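> Below are the structure tokens for one structure; questions will follow.
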There are 4 protein chains.
Amino acid sequence: MIRFNNDYNRGAHPAVLQALAATAGDSFPGYGLDPWCEKAADQLRALTGSPEAAVHFLVGGTQSNFTAISAALRPYQSVVSAVSGHIHAHETGAVEHTGHKITPLPAKDGKLTAEQLAQVGESYRTSPVREHITQPKLVYISFPTEYGTVYSLRELQQLRAVCDRYGMYLFVDGARMGYGLAAGDVTLQDMARLADLFTVGGTKCGALFGEAVVIVNPTLKPDFRSYIKQNGGMLAKGWLLGVQFSALFQDGLYFDICRQAVELAMDIKAAFAARGIPFYLDSPTNQQFVILDHSQIEALEGKYTFEPDHQTDAEHMCVRFCTSWATTPQEVQTLIGDIQKL
Amino acid sequence: MIRFNNDYNRGAHPAVLQALAATAGDSFPGYGLDPWCEKAADQLRALTGSPEAAVHFLVGGTQSNFTAISAALRPYQSVVSAVSGHIHAHETGAVEHTGHKITPLPAKDGKLTAEQLAQVGESYRTSPVREHITQPKLVYISFPTEYGTVYSLRELQQLRAVCDRYGMYLFVDGARMGYGLAAGDVTLQDMARLADLFTVGGTKCGALFGEAVVIVNPTLKPDFRSYIKQNGGMLAKGWLLGVQFSALFQDGLYFDICRQAVELAMDIKAAFAARGIPFYLDSPTNQQFVILDHSQIEALEGKYTFEPDHQTDAEHMCVRFCTSWATTPQEVQTLIGDIQKL
Amino acid sequence: MIRFNNDYNRGAHPAVLQALAATAGDSFPGYGLDPWCEKAADQLRALTGSPEAAVHFLVGGTQSNFTAISAALRPYQSVVSAVSGHIHAHETGAVEHTGHKITPLPAKDGKLTAEQLAQVGESYRTSPVREHITQPKLVYISFPTEYGTVYSLRELQQLRAVCDRYGMYLFVDGARMGYGLAAGDVTLQDMARLADLFTVGGTKCGALFGEAVVIVNPTLKPDFRSYIKQNGGMLAKGWLLGVQFSALFQDGLYFDICRQAVELAMDIKAAFAARGIPFYLDSPTNQQFVILDHSQIEALEGKYTFEPDHQTDAEHMCVRFCTSWATTPQEVQTLIGDIQKL
Amino acid sequence: MIRFNNDYNRGAHPAVLQALAATAGDSFPGYGLDPWCEKAADQLRALTGSPEAAVHFLVGGTQSNFTAISAALRPYQSVVSAVSGHIHAHETGAVEHTGHKITPLPAKDGKLTAEQLAQVGESYRTSPVREHITQPKLVYISFPTEYGTVYSLRELQQLRAVCDRYGMYLFVDGARMGYGLAAGDVTLQDMARLADLFTVGGTKCGALFGEAVVIVNPTLKPDFRSYIKQNGGMLAKGWLLGVQFSALFQDGLYFDICRQAVELAMDIKAAFAARGIPFYLDSPTNQQFVILDHSQIEALEGKYTFEPDHQTDAEHMCVRFCTSWATTPQEVQTLIGDIQKL
């Protein structure tokens, strides 16, 4: 079985495992107060060109999202998200569990537009009954989105401008940040200039687990460790996170392995296109959503894993093929051969 | 100024005020444990034909809604509501503040359909990743809706059937229950047979304040008073609620005064229709949503209060005219005269 | 039956009822945006000598407490309270329901000391593992306390000094404020100078219901109405609160009726003392806690209501006699006569 | 530096690391739905003699505690804990953040007594104002406690009996379960018979991270995975937990390594006792609390890490020496040598 079902079905990049093995016998202070976390944070501050940023390492994505949102908002403030946003669609109401409404906006390709945001902001600003509705205070976007699409630098700048106009925070969920950076014109430095806070995902990008939370806006920095602890995200042996991220940030490994995954995904994309298979949408990253008929699914499902997304009509289904840092060129060539035979 | 802006801009029906005055010198046990609350609860149990129902009296509507929902749901369970539902659109995220997601469904006239509900229920039932989404456990509808529309008995029965199929609770927000009962083919007995719990509103139907919460489903009854207290809804001088509801339930007063308000609204509706003024939707209750142009608004706004709902185009606005238990036939005749001159 | 069981077993002072009756036919804007609320707020700002204070009127005490605390605190911040504090002992975990820990401190007479507070503040300030504990950010005291005791001006100043030293808010629950002001050397102006926010209770001090929340600290003012709505405390017919408080604040009525209740309580206290009956503690306000034996209880309970507080030994019980604005000198004379016969 | 400061300052037992390495190249389904988690759950069901138990693997202790408590309780229900309980003293109000009060009971040695519990249960059962207080529904104990003490089988049986009498759940926090089992007369089978749910800690007992939650009471099993996801405890690469626990449960490794740590702690204890150094309390497990004077602390702190617990008087401090699965006999011998020289 060759696995294209998701980007978190294998352990970690060899360099990460080696780094863990190299420190396995050592003893460290707990709770993220160790030299490895400090080193990884410094690396990330350098990579983002943001020497003042606060950097924290948490275990998981849902945890990072609701911890950050719970820390940023007052009880009557809400989150704006695409209807397909991970916090809205895949996290069991974790954000609402912390007390905050999510206002979902329609977004076929998973992206919010500045116009949508401006409408939300303006609607609250001009509401004559403001105290009867929540204040849209934090804009959640994912980069890349759940559909593999990415915001261009210009689009991000436009979102930022709207956030500035209405006093909203821009929070970027970067669970797949590495794949997004490989696909568009946005850099980590841009991210640090444009977002108030964002995450840099490890789990799907070469680590066993771990998400870095980068807080740029000074308002959001105080006592963030208290929020981490309260929300169950403070790993006792926190150095396990620092060691992994430090290995990933060494010599650009994080970016290289994600770029390769995206290149391989582009090869798969080209093969589907050459075969005349339609796409659900145009994704430039490691997730490709194609529309297959039942016979095509049958032809591939014995040899490859891939993920059903949704039925498009009685005969067709949209499915996801996903590469990762662990995908090999050989695996992709085999798949391409079989796509050509469909 | 003649007031048609809402149905809660005047105090209370004279019979309610007299009942309050008659008991003003008496002394009672607190927190709703008085004979008047018991009497009003008995009256409501009789009116609903539900001798086993638990009846509680709270002060306000938002409070009643989130208290009941918080009591009914486990943390991972969510509420299904029309996008225009009061809990979703007008209560400052109060339900989410108690930790629960609301899934809003589109509904132009404020009503959910059994088909929509069935889709939500089926989608959860068949989800392969159920633990990543919330369980749609409680269906919130308002009767009448925020747009003055009502469910027919048949529609309610269909919703009930879907709720039974998927193990969902049906919660009916009856903040304007009296007006809804006057307009369609649904009775309080139907409500008690079809809903798991519902409210019977006093604030907008002749009382100074107060909402009755009627719990029919035995699962939802235990320790409900603890939820009321925890959520700030337990009035120290609870007899003020019992006295008011008891007066309203005496000799059908509640139903009579609401019926008259609906009849007066029908007169207004007929006048607008006769004048060729379009309606936003067809409402059979005390709230009428008409689409006026700016000159028509100008012609009426010096003499009447009415409420802007939303801009429909550059020249027109949807506005609400609302009658209440306090509206007099004279007030309505005056308005009709002016409508005819538009 | 002559009632001394509590101070909320009768309706409202005649002046309050008259004010309500006088406005019963009028129409008002809803949700507290009416001229009566504005007038009452102005009166209270004048009485507190705090022209910049934000004043809001809510229905109930529990509601006011958790709304204010929820508005003031970040998720990792906690409340310090006497173990006998109302929020800790009598509100069904309402504060915790909003997500905040209460740290209870021992306090036999219901009062916190500056030393206790300083210890809590210092302990957090110097904690090497601060992120593992909550930040004690808000100090809750009641004035008078649940045991009828009051803080002296000097004691309040000392608490304030500790709050300043450790960056803590001082919140005063004034559900019985009128009785407290009548008993000690503290004025409403002192309250406004020393507390960050406090309540002035109506329910137990002459109104049918209602608590005024006075916010002095500018940090706590923004969007407070959103918190009120979210927490179910926004009365649709808000003018009912404004009318009542306005009547109470007219010509010092609020202070006069509470002072009389305290004077009558002092008469009762003197009678018990003269008869050699021991007190649970020395209360200068309208609540008197005396320790009676079973025969004494039996002798009084047929004619008077009073409230059991706790068993003190096999033979004795601590019970509360409580006067109110509604207590008459005749009622007290009758009781004194019977105390003398014990 | 030889480390006795805590039991989570080193990675994992070699067998755990080898198991992780052996599966490093494999691909698995995510979110704990993999064969390793299933295997480890089966092992634990066998070890507890509880074939029907639900077993889940979470990452951290705080997370496991608040997830389980949030799943078990209704909003008005509260937790009873020793004042030294981890959830009360060291988790930043995480339980309150989910909406539940913790009622702390005094407990010098970290243990609750059946008498204390019975008093709490009886007090609620007989309360005339039950709706004004929270229902004590879940009893939290830690085994061993934060002070290293353990409940005897008889004590656990007594707690269970009280829980049965008052309808309370017994929840055992077993973050250090292995050390507790090595010290007293309680077995995992006893635990499964007497508790409603409990955890078996990995983080402090040989794993890199991970806590097993064992749910025995059928009421608490449904949809627990939804709670895990909602609370951020569902590890994407969940097999990392299954692999580790499976290695620990193989051939009794978990029990062996914890037993050795306890034996080494007993050697240290004996050395302190022989030297006449007083103990804060009598602990039979891997944590030893001794009272040292400043010169003794100074003599040891250059060569060993140990943790200050609290100042006992101007000259003395209570400090903790903690062994773990990673402590070697040589390290302990060296320490003993230095203790003898104090």
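> At a 10 Å Cβ-Cβ cut-off, how would you order B:Ser50, D:Ser226, fewest neighbours first?
B:Ser50, D:Ser226
> In the Gaussian network model of chain C, springs joining C-alpha atoms below 10 Å, which of C:Thr103, C:Thr92, C:Thr149 carries the largest mean-square fluctuation?
Evaluated over chain C, the most mobile residue of the options is C:Thr92.
> Please give, to one decimal in nm, the separation of the simple spin-label points placed at A:Ala24 and C:Ala270, each 7 Å out from Cα toward the Cβ.
Simple spin-label model gives 8.6 nm for this pair.
> Give me the distance between the Cα centres of segment B:277-342 and segment D:159-182, rounded to whole Å.
So the separation of the two Cα centres works out to 66 Å.
> With helices defined as uninterrupted DSSP H runs, which ones in chain C have an alpha carbon span along their own long axis of at least 30 Å and mean Kyte-Doolittle hydropathy of at least -1.0?
Length and hydropathy pass: C:253-274.
> Given the rule -39500 (n - 2.57) for each run of at least 4 DSSP H residues, summed and divided by the residues of chain D, what is its mean residue ellipticity at 222 nm, to the nearest 500 deg cm²/dmol?
-12000 deg cm²/dmol
> Averaged over its residues, how many other protein chain Cβ atoms are within 10 Å of peptide A:67-77's Cβ atoms?
For peptide A:67-77, the averaged partner shielding equals 5.
> Using amide H atoms built 1.01 Å from N in the peptide plane, name the residues 5+ places from B:Thr305, or on other chains, whose amide H lies under 5 Å from its own.
Under 5 Å from the amide H of B:Thr305 lie the amide H atoms of B:Ile2, B:Arg3, B:Phe4, B:Asn5, each far enough along the sequence or on another chain.
> So, one more: Given label points at 7 Å from Cα along Cα→Cβ, what nm distances, shortest first, separate B:Glu38 from the same residue in every other copy?
Taking the point 7 Å beyond Cα along Cα→Cβ, the inter-copy spacings are 4.6, 6.0, 7.1 nm.
> Specify the longest stretch of chain B that does not include any exposed loop site, a site being one of the trypsin sites (Lys or Arg not before Pro) with a non-H, G, I, E, B DSSP assignment and at most 13 other Cβ atoms within 10 Å.
Within chain B, the longest run free of exposed trypsin sites (Lys or Arg not before Pro) spans B:109-302.
> Between rounded, prolate and oblate, where does segment B:110-230 land on the alpha carbon gyration tensor, with a ≥ b ≥ c its root eigenvalues, rounded for a/c under 1.5, else prolate if a/b exceeds b/c?
In terms of gyration-tensor shape, oblate.
> Follow-up. In whole Å, how far is the Cα centre of segment B:198-215 from that of segment C:122-152?
39 Å
> About the Cα centre of segment D:248-303, how large is the charge dipole given +1 on each Lys and Arg Cβ and -1 on each Asp and Glu Cβ? Please answer in debye to the nearest 20.
With Lys and Arg at +1 and Asp and Glu at -1, about 80 debye.
> Just tell me the longest site-free run in chain A, where the sites are GluC sites (Glu not before Pro) in a DSSP loop having at most 13 other beta-carbon atoms within 10 Å.
That would be A:53-314.
> What does the structure give for D:237-243 when I average, per residue, the other chain Cβ atoms found within 10 Å of the residue Cβ?
Rounded to a whole number, the mean comes out at 3.
> Any idea what the relative contact order of chain A is, in percent, if you count C-alpha pairs under 8 Å spaced at least 6 apart?
Once divided by the residue count of chain A, the mean separation gives 26 percent.
> Set the Förster radius R0 to 45 Å, insert the Cβ-Cβ distance between A:Gln333 and D:Thr187 as r into 1/(1 + (r/R0)^6), and round the FRET efficiency to 0.05.
0.20
> A follow-up question, please. Could you give the nm distance between label points at B:Glu52 and D:Lys221, where each point is 7 Å from its Cα heading toward the beta carbon?
Going from the B:Glu52 label point to the D:Lys221 one covers 2.8 nm.
> Using 7 Å Cα-to-Cβ label points, what is the B:Val129/A:Met1 separation (nm, one decimal)?
1.7 nm
> Moving on to the next point. Provide an ascending nm list, one decimal, of label-point separations from B:His316 to the equivalent residue in each further copy; define each label point as 7 Å from Cα along Cα→Cβ.
3.8, 8.1, 8.8
> Please give every one of the lysines within straight-line cross-link reach of B:Lys137, meaning a C-alpha to C-alpha distance under 26 Å, and leave out same-chain neighbours fewer than 8 residues apart.
Filter leaves A:Lys101, B:Lys101, B:Lys108, B:Lys111, B:Lys221, B:Lys229, C:Lys229, D:Lys101, D:Lys137, D:Lys221, D:Lys229.
> Next question. Ordered shortest first, which distances in nm separate the 7 Å Cα→C-beta label point of A:Ser123 from those of the other copies?
1.9, 4.8, 4.9
> Determine Rg/Rh for the protein assembly as shown; Rg is computed over alpha-carbon atoms and Rh is the Kirkwood hydrodynamic estimate from the same atoms.
0.98
> Same structure, new question: In square nanometres, what is one fourth of the surface area of the convex hull spanned by the alpha carbons of chain A?
So the Cα hull casts an average projection of 17.8 nm².
> Also, I was wondering about something else. So if I average 1/r over every pair of distinct C-alpha atoms in segment B:84-170 and take the inverse, what Kirkwood radius in Å does that give?
It works out to 13.7 Å.
> Please find, among residues of chain C, the one with the beta carbon closest to the rotation axis relating it to chain D, distance in whole Å.
Looking at chain C's Cβ atoms against the axis toward D, the nearest is C:Glu96, 2.
> Note the full-extension length gain between C:Ala15 and C:Asp164 as 0.36 nm times their separation in residues minus their Cα-Cα distance, in nm to one decimal.
49.6 nm
> In sequence order, what are the phi-derived ³J(HN,Hα) couplings for segment C:104-112 according to the Karplus relation 6.51 cos²θ - 1.76 cosθ + 1.60 with θ = phi - 60°, rounded to whole Hz, with x for glycine and proline?
Each residue of segment C:104-112 in turn: x, 10, x, 6, 4, 9, x, 10, 8 Hz.
> May I ask you to sort D:Leu240, A:Leu17 by Cβ crowding, counting other Cβ atoms within 10 Å and putting the fewest first?
A:Leu17, D:Leu240
Coordinate-derived values only; no laboratory data. Because the structure is a prediction, the values reported are computed rather than measured. Counting neighbours? That spans all protein chains shown, and the Cβs are built from the backbone with ideal geometry, glycine included.
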